[in-house]
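Heads up: the structure comes next, in structure tokens.
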Amino acid sequence: MSAIEIKESPKQVFIDTYGCQMNILDSELVQEQLQALGYQFTSIAADADVVLLNTCSVRQLAEQKVWSQLGRLAIEKRENNNDLVVGVLGCMAEREGAELVKRMPHIDVLCGPSELDKLPGLLQNAMQNRQRQVALSGHTSRRSATLEKAEDGVEALDLSRSFSATRSSKQAYVRITRGCNKFCTYCVVPYTRGPEVHRPPLAIVQEVRSLVEQGVLEVTLLGQTVNHYVFQDGGKTTSFADLLAMIHDQVPDLQRLRFLTSYPRDFDDATLDVMAASPRMCKYLHIPAQSGSNEMLRKMNRGYTVETYFGLIERARMRMPDIRFAGDIIVGFPGETDADHEATRLLIQKVRYKSCYIFKYSPRSGTVADRRFVDDVPDDVKKARNRDLLDLQNGIALEIHSAMIGQEIDVIVEGFSPLRVHRPQPGEVQLGWEKRSAESTSHVRLMGRTQGDEIIAFEGSGDLVGKLVTVKVTEATQLSMRGQMVP
Ligand code: 5AD
Ligand code: SF4
């Protein structure tokens, strides 16, 4: 990264993040990269000199939110702040680049998710020259790649992570793989994030170690198909199972290690064995099935059957009887019948997810499903199926939580509990860990998370935020549990 000097008073940046955990991590890295160059960040959009929208294209709703935000920014720029710099980052920039600037000519910077290391230069040029700056990849390759050169641009973004001694969050995301090769027929990700690229294992272990030295307790490894991780270095191959074992064993002060999102095909026993044998690895798998109907799975190009999926659940439960599963389901995929829907109900009942995100199919232009199939399930049917599965899932979650009453569990305290615990959906920005410091050390309502990703609220001293404590479960609801600290 070239050193760019900022001479005037520091520019204020506001960044708004939509979508998945990968975007949350990208925004964090962008923020650190810009802060190192002297930019300051504000949480008030009206105070900003630069507004960045880190966008998501996975469903139409996510894109609509960005279109509306851009509409508001056009007015702001025209009426109040001519010099405002507006940047669109992430998947929507990559996918809708031309359309975006046609409809929203006030956009100054467009930067795809694989080009984020170029953002400082783009912003600098946009401010100096008042000319639109564009960095998009136009991903076309289907090949997967192994990263061997650290000078690769996006690797530079991950490596640029600053390890601040004042890091407030005790949880961190660490990317191990970028992109996706699966081309599920409904999904835009392979087009926006490009083919799989795996990061070198030593760079990953070093990043985890540095985060732990800064006080991080829990690391979540990220990849779109995280269990497909593999790294070839000369004659040596590092598999996903090898990588997990390396991190677990080489960073003994890391309290919790988890990973997302797993792909149901090619999930090997070696990975399950490492999970079972490693005490600080969370017994938790986010492993989307998408549907319980083999016909739908075939049309989605998922590459596995319901039977293979159940086989994996069995293999995991055999080794880790208390393992928790989380899932994603798409309802109303083209041609989905009542019988297909019933098959998905059966899948949910059999797997007994601790949480399951249910999405209505949203046709995305450029995808195979959009070209090949008619979006023929009426919206009211999609809504009814969505509601039906949510009700089913909520009942299961309540049963899982209720069965934990009386148990004493390890909890990492994330922050202060709101009155109602709200579980963010993947399409929503997660708030992450409570950033505000514990001003009061008197007894307050705290919120923590178990290694199985359950949420529990309990009374405790404010200075416990960021610590690992033991809590006895006393009450259960669909979304969370309540408990009492064990002295
Ligand atoms: N419509 C609805 N849901 C989708 N997802 C991905 N693409 C679409 C789409 N076109 C869901 C899948 C995926 C999650 C991140 O988003 O369930 O696992
Ligand atoms: Fe999209 Fe399928 Fe890749 Fe997941 S595995 S990111 S759903 S193409």
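The values are calculated or read from the model by the stated rules, or taken from the named source; none is laboratory data. This one's a predicted model, so the numbers in the text were calculated from it and none came from an experiment. Cβ coordinates were reconstructed from backbone atoms using ideal geometry, including for glycine residues, and neighbour counts include every protein chain displayed.
For the reader, a short list of remarks on this structure follows.
- Qualifying residue in the stretch 290-312 (condition: more than 16 Å from ligand 2 (Cβ to nearest atom), among the hydrophobic types (A, V, I, L, M, F, W, C) and assigned by TED's automatic domain parsing to the domain that holds residue 386): yes
- Matching residues, the stretch 256-275, being part of a strand (DSSP E or B), among the aliphatic types (A, V, I, L, M) and within 13 Å of residue 325 (Cβ to Cβ): 260
- Residues of the stretch 294-353 that turn out to be hydroxyl-bearing (Ser, Thr, Tyr), within 16 Å of ligand 1 (Cβ to nearest atom) and under 21 Å from residue 386 (Cα atoms), as a count: 2
Conditions (1) crowded, with 18+ Cβ neighbours inside 10 Å; (2) at pLDDT 95 or above, marked per residue:
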| position | (1), (2) |
| --- | --- |
| 3 | no, no |
| 6 | no, no |
| 9 | no, no |
| 19 | yes, no |
| 39 | yes, yes |
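- Of the helices (runs of 4 or more DSSP H) lying entirely inside the stretch 1-108, those containing at least 2 residues that are away from ligand 2 (no atom under 16 Å from the Cβ), touching a residue at least 24 places away in the same chain (Cβ under 8 Å) and closer than 30 Å to residue 208 by Cβ are 21-36.
- Condition met for residue 258 (within 16 Å of ligand 1 (Cβ to nearest atom) and not assigned by TED's automatic domain parsing to the domain that holds residue 54): no
- Residue satisfying all of: in the stretch 230-265; closer than 24 Å to residue 307 by Cα and not polar (S, T, N, Q); nearest to ligand 2 (Cβ to nearest atom) among these: 263
- Taken over the stretch 229-243, residues that are surrounded by fewer than 22 Cβ atoms within 10 Å (Cβ to Cβ) and of a type outside the set (Asp, Glu) amount to 9.
- Within the stretch 82-115, the residues that satisfy the criterion of being within 15 Å of residue 65 (Cα to Cα) and hydrophobic (A, V, I, L, M, F, W, C) are 88, 89, 91, 92, 93, 100, 104.
- Check on residue 285, in a helix (DSSP H, G or I), within 16 Å of ligand 2 (Cβ to nearest atom) and on the phi < 0 side of the Ramachandran plot: no
- Counting only residues that are assigned to a loop (DSSP other than H, G, I, E, B), at pLDDT 95 or above and within 15 Å of ligand 2 (Cβ to nearest atom), the stretch 338-383 holds 5 of them.
- Enumeration of residues in the stretch 166-180 that are part of a loop (DSSP other than H, G, I, E, B) and either touching a residue at least 60 places away in the same chain (Cβ under 8 Å) or under 24 Å from residue 135 (Cβ atoms) (or both): 168, 169, 170, 176, 179, 180
- None of 163, 183 is part of a loop (DSSP other than H, G, I, E, B), surrounded by fewer than 18 Cβ atoms within 10 Å (Cβ to Cβ) and either among the aliphatic types (A, V, I, L, M) or within 16 Å of ligand 1 (Cβ to nearest atom) (or both) except 183.
- Among the residues of the stretch 201-232, just one is within 25 Å of residue 265 (Cβ to Cβ) and at pLDDT below 95, namely 232.
- Filtered residues of the stretch 87-107 (kept if over 24 Å from the mean Cα position of the chain (by Cα) and of a type in the set (D, E, K, R)): 99, 102, 103
- Subset of the stretch 443-481 (residues that are of a type in the set (D, E, K, R), more than 24 Å from residue 281 (Cα to Cα) and in contact with a strand residue (DSSP E or B) (Cβ under 7 Å, 6 or more places away or on another chain)): 445, 459, 475
- Residue check, residue 330 within 13 Å of ligand 2 (Cβ to nearest atom), of a type in the set (Val, Ile, Thr), at pLDDT 95 or above and out of contact with any Pro (no Cβ under 7 Å at 6 or more places or on another chain): yes
- Pick from the stretch 343-381, criterion among the small types (Gly, Ala, Ser) and under 26 Å from the mean Cα position of the chain (by Cα), ranking: farthest from residue 184 (Cα to Cα): 355
- Taking each residue of the stretch 357-372 that is within 16 Å of residue 290 (Cα to Cα) and looking for partners that are away from ligand 2 (no atom under 15 Å from the Cβ) and part of a loop (DSSP other than H, G, I, E, B) with beta-carbon atoms closer than 6 Å, six or more apart or interchain, yields 357/425; 360/332; 361/332; 363/375.
- Restricting attention to the stretch 445-479, the residues that are closer than 13 Å to residue 405 by Cβ and either not hydroxyl-bearing (Ser, Thr, Tyr) or not in a strand (DSSP E or B) (or both) add up to 8.
- When the test is whether a residue is out of contact with any Ser or Thr (no Cβ under 9 Å at 6 or more places or on another chain) and in contact (Cβ under 8 Å) with a residue 40 or more places away in the chain, residue 116 passes it.
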